[in-house]
Amino acid sequence: MNMKLNKSATQALVISLVIMAVGLVAWLLRGASAYYASDARMIDFTQLWLSVGAAVVFSLLFGIARYSLAAGVALAVGTAHDLLVTYGICGVIALVLPQSATLPLALLLTVAWTYCQTLPRLRVARQIYRSTSLRDTTMDEIAVKAANSNPMPLIVAPAMALLIFIAVAVSGNVRLLASILPLAVALVVSIYSARAISPFVWSAVAATRRPARRRA
């Protein structure tokens, strides 16, 4: 069976690619000044890209070892998506607010949001997949149920983060705001990908598995 991604997930990925492209153009438009952060230090973009690569590889291996190939691929795609889209949006923000030199570290920390939003939904998808006959449902329907699920960690973590972001914004500290902004952006991006992309990547990969080997 050939792997085929759900239409809505494909559209979501296209939107994300557009955002990444716009962000890249924004970084280029800023020119050399984009490399200087709000604290007058240079942003180490080599470190940033190495961090992104390491995070994606780790997510793939962790997902495969802990769950399955389908979960590993979905988690890796979610991680890459969230990091790159967050980077793109930060590029647009950098046009008006120079980013902190800690941007590579901040982006790497955003992986926590990806795991917090994606893993619970992948667990829900796996539970439904194992307990439901495929004669009664489809892989896309399982993915939709997982995407729309709201386990408690998905609610508590964003609520706590929101309070922190509000406190930083009210403080008026521009440097602190520049440092924490990628985390705020990543939270929104991770919620988007965990609902619109990752579960459907999981279902596309899991659909290629034979029913007798239903370790999705």
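All of the numbers you see were taken from the coordinates with simple rules; none came from a lab. Source: prediction; values computed, not measured. When we count neighbours, we look across all protein chains shown, and the Cβ atoms used for this are built from the backbone with ideal geometry, even at glycine.
Can you give the FRET efficiency for Val92 and Asn150, using 1/(1 + (r/R0)^6), R0 = 41 Å, r = Cβ-Cβ distance, to the nearest 0.05?
Numbers: r = 29 Å, r/R0 = 0.72.
About 0.90, to the nearest 0.05.
So between Ser8 and Val57, what do we pick up on full extension, going 0.36 nm a residue minus the alpha carbon distance? Walk me through the intermediate numbers first.
Numbers: separation 49, 0.36 × 49 = 17.64 nm, distance 2.58 nm.
Contour length minus Cα-Cα distance gives 15.1 nm.
Taking θ as phi - 60°, what are the ³J(HN,Hα) couplings along the range 61-71 by the Karplus curve (6.51, -1.76, 1.60), each to the nearest whole Hz, with x for Gly and Pro?
Karplus-based 3J(HN,Hα) across the range 61-71 equals 5, 5, x, 5, 5, 7, 10, 6, 4, 4, 5 Hz.
Where does each of 81-87, 68-74 land if you order them by average Cβ count within 10 Å, highest first?
Details: 81-87: 26.6, 68-74: 24.4.
Order by mean packing, descending: 81-87, 68-74.
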